[in-house]
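Below you'll find the structure, written out as structure tokens, and then a few comments.
No lab work stands behind these numbers, since they all come straight from the coordinates. Just so it is clear, the model here is predicted, and its values are computed rather than measured. Virtual Cβ from ideal backbone geometry, glycine too; neighbours counted across all protein chains shown.
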Amino acid sequence: MVTWKTLLKPSEIHAVASYIYTLRGTNPPNPKPREDQAPPDQPSEYE
């Protein structure tokens with residue numbers, strides 16, 4: 001993941017974080033699946 005510290009000003013980082021916080025608890029109609037879990041139709045390589 002990109003480190004934004006050198007690309008954005010502190011006020012811009014705060015604005016992005018504030019926007020992301022406003023999305024908390026929302027239910028988008030077509031959400032992206034979680035990346036930290038295996039898809040349900042594929043077994044985990046650790047099983």
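Listed by Cβ neighbour count within 10 Å, with the fewest neighbours leading, I13, I20 appear as I20, I13.
Compute the distance in nm between two label points, each set 7 Å from the Cα along the Cα-to-Cβ direction, one at Q37 and one at I13. Rounded to a tenth, the inter-label distance reads 3.2 nm.
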